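Quick note: the coordinates plus some simple rules give every number you see, no bench work behind them. What you are looking at is a predicted structure, and each value in this text was computed from that prediction instead of being measured. Cβ placement follows ideal geometry from the backbone for every residue including glycine, while neighbour counts extend to all protein chains displayed.
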Amino acid sequence: MLGLIPLLTACLAGCLLMRMLRPAAGAGPGWAASLLELGLGIGFGIGLSSMLFFVLTVTGTATAAVILLADSALLAALAAIWFYRRRRRQDATVPVPVESPVQPVFRYNWILAALLFSALVIVLDGMRNQAAADPHGMWDAWAIWNVRARFLAGPGETWRNAISPLLERTHPDYPLLLSGFVARCWKAAGDSDTLVPIATAALFFLATLAVLVAALALLRSASSGLLAGLTVMTGFTYVSQTMWQYSDIPLAYYYLAAVALAALAWKAEERRKPLLLVLAGYAAGCAAWTKNEGLLFAAVFGCCYAAADWWFSGFGKAVRRSLWLGAGMLPGLILVGWLKMLAPVADPVVRAGKKGIAQGAAQSWRRQFVWRAIARNAGEFGYTPATHPLAALAVLAAALRFSLPRALRPAAVCGAAVVGLVFGGYVVVSLGAFTPFGRFFSQLFPLFLLVFFLALRPLEELFEPAAASATAPEGPKKKTKKKRSSRA
Amino acid sequence: MSQSGQWRAWTALAAASLAGLAGAILYWAHTSRILREEPDAYKIAEQQARLAGVVEMLPVDATVGYISDVPFGKADGQVYFFVTQYVLAPRLLVEEKPERRPRWVLGNFLKRPDIEQIEKEHRVKLVKSFGRGVYLFERTP
């Protein structure tokens, strides 16, 4: 139980930081902005404390006292700054209004919210069942992620076992966000209670749901967010994998957070863009610090963002904004680079190399094997065909149709390109060293839902057209020719 | 929007919402079955109890050799090895190889082993038998 204290302090620090930075202030409904801050705070707090723990560990200063002292100091500093800024705002003679644009509201959103809440309660009880059945998680949890957390949490120099070349089958070069965070909580508590990885897994699931619902409510409409949240529940593989305690669900969270923040940056006024882009970059850096696939994501996301911004906003702006994004990625990328220098190369994909991939691509049985695995895992992603996410999305797309406002085009194009290219990358590397596609689908599932619901016509436009047209000057049917530099 | 379009949208909305709720219920039913019928699929709790004596006896920073009668090439052999590594951590468990001879060696057996032959073959001496197929050896100089 004691391990939950450092877990909660990390999340609280992240939430306080987000509360101070207010990434979604003025972007939409207040509840959505707060939910986004909460969702980002949890994941960003976990990422930050994992990074700090690795630095403390490598420098030989990671003890329970130092971890708890650092947590207390960080929390005290954040709380002090928050109170100070709040007080200054109250004392200011000219208050700075932060007004949210009034959005049309689908009158039956409360039904969607009630359904989502009910589904969430049922899923959380299911997760409790799963955690009770397998408290140590599934194979990779005790063979890779949690065993490395035990090495990192051990006394003296045992942390070196986590990156030892003797660790032949446990991938000593895999990034350490999840293992590092769990180890930090165990080290501070002085035990290795399974409650820590279980709670961490549940928190990442909840944070993903919060970011997805909130980001869509801010970018598109509340109904889009709530429908996306309900669709998450149809992803049987995704929901099940939460309590496997693997790194795929945290990775999915960081993919989603990075693209959602970039989308908010495109929609935000110019002075808020740097903050949002640094945070988006930080999320991409955390993805790289979570799993090797995150390195592919960070590269693809950086390129797609730069290309989309160049296309929609012009070269100069794209360069400047991409630098902000890159600056945010730095902490995660530096740590990954440091780890790769300390640990031996063990990733099967890296070991297979270009030669292995070329050999796999040249063999027809290998290609068929990969395609069959894709089809099988895609089919199994929903528990039954009727409750498969693709079935739900197809029904929604057929009835509501797609309609993408111009302001959201850069985000949707960038997001779709990221999903496509990252998945393409997964297929290519699987030709050289096979990895189960069920987990790849889970990694991309929340991000795919974000892109899908960004492009889907919201219920507000169908059922409350008068309010929607009054608040949306750029209607989807409006056709005007503009210069390339003003496409956004 | 036309009347039929609105009906279509309502139907789609109901279908998608119910699919979400149904997905949650099916997941819950699935996990309830796992909890009832196959909890602790890899018997980690059992292994923790089996290896508790070794964990107590070995120094926390030890590197421990591993010998077993279940070959690593088989799925069962991998389960035994990785679960043992997990239970023993932060000690490092390594497969015994000619070029790798740590001081401590853990024997993890399903069948009764020939201790004398193991001692001769691996140049180790039995320190303690913990029962249930668990043996701790120490390398002789």
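Highest average first, the peptides A:45-52, A:129-136 ordered by how many other beta carbon atoms sit within 10 Å of their residues are A:45-52, A:129-136. Each Cα pair under 8 Å and six or more residues apart adds its sequence gap; the mean of these over the residue count of chain A is a relative contact order of 19 percent.
Toward the positive end of the charge dipole of region A:349-409, with +1 on the Cβ of Lys and Arg and -1 on the Cβ of Asp and Glu, the farthest Cα among A:Leu390, A:Ser403, A:Ser364 is that of A:Ser364. Taking every DSSP beta bridge that has both ends in the protein assembly as shown, the antiparallel portion is near 60%.
For the residues of A:166-173, the average number of beta carbons from a partner chain within 10 Å of their own beta carbon is 3.
Residue by residue along B:83-96, Cβ atoms of other protein chains within 10 Å of the local Cβ number 6 on average.
Residues A:Cys414, A:Cys11, arranged from fewest to most other Cβ atoms within 10 angstrom of their Cβ, appear as A:Cys11, A:Cys414.
Under 5 Å between amide H atoms, partner at least 5 residues away or on a different chain: which partners does B:Lys128 have, H built in plane at 1.01 Å? It is B:Leu136, by chain and number. Dipole size of region B:44-139 about its Cα centre, with +1 on Lys/Arg Cβ and -1 on Asp/Glu Cβ: approximately 120 debye, rounded to the nearest 20.
Membrane-span-like helices of chain A, defined as complete DSSP H segments with a Cα extent of 24 Å or more along the helix axis and a mean Kyte hydropathy of at least 1.6, are identified as A:4-21, A:30-58, A:195-219, A:409-432, A:437-455. If you plug the beta carbon distance of A:Leu75 and A:Ala327 into 1/(1 + (r/R0)^6) with R0 = 25 Å, you get a FRET efficiency near 0.50. Once the dipole of the protein assembly as shown is set up with Lys and Arg at +1 and Asp and Glu at -1 on Cβ about the Cα centre, which of A:Leu120, B:Ala52, A:Val213 lies farthest towards its positive end? Positive-most Cα among the choices belongs to A:Val213.
Could you calculate the FRET efficiency of A:Leu68 with A:Ala25 from 1/(1 + (r/R0)^6), where r is the beta carbon distance between them and R0 is 41 Å, rounded to 0.05? Efficiency at R0 = 41 Å is approximately 0.80. Counting only whole DSSP H helices of chain B, the ones at least 24 Å long by C-alpha along their axis and with mean Kyte-Doolittle hydropathy no lower than -0.5 are B:3-37.
Compute the FRET efficiency between B:Ser32 and A:Arg107 as 1/(1 + (r/R0)^6), taking r as their Cβ-Cβ distance and R0 = 60 Å, and round to the nearest 0.05. Working from the Cβ atoms, E equals 0.95. Would you order A:Met18, A:Met127 from fewest to most other beta-carbon atoms within 10 Å of each residue's own beta-carbon? By the 10 Å Cβ count, ascending, the order reads A:Met127, A:Met18. Taking the DSSP bridge list for region B:44-139 and keeping only pairs wholly inside it, about 55 percent are antiparallel. With a ≥ b ≥ c the root eigenvalues of the C-alpha gyration tensor of region B:44-139, is it rounded (a/c under 1.5), prolate (a/b larger than b/c) or oblate? Here region B:44-139 falls in the rounded category.
Peptide A:155-165 has a mean of 3 when you count, residue by residue, the C-beta atoms of other protein chains within 10 Å of its C-beta. Within the protein assembly as shown, all pairs of alpha-carbon atoms sorted by distance into 20 Å bins from zero give the percentages 18, 50, 26, 5, 0. Extension gain, A:Ala358 to A:Glu168: 0.36 nm times the residue separation minus the Cα-Cα distance gives 65.9 nm. Across region B:62-121, the mean sequence separation of Cα contacts (distance under 8 Å, 6 or more residues apart), normalised by length, yields a relative contact order of 51 percent. For region A:188-324, rounded, prolate or oblate, judged on the Cα gyration tensor with a ≥ b ≥ c (square roots of eigenvalues), a/c < 1.5 rounded, else prolate if a/b > b/c? Judged from the Cα gyration tensor, region A:188-324 comes out prolate (a/c at least 1.5, a/b above b/c). Cross-link partners for A:Lys273 among the aspartates and glutamates, with Cα-Cα distance under 16 Å and sequence neighbours closer than 8 places in the same chain left out: A:Asp309. Taken about its Cα centre, chain A carries a charge dipole of about 1860 debye when Lys and Arg each add +1 at the Cβ and Asp and Glu each add -1 at the Cβ. Percent relative contact order of region A:265-354, based on C-alpha pairs within less than 8 angstrom and at least six residues apart? Across region A:265-354, relative contact order equals 34 percent.
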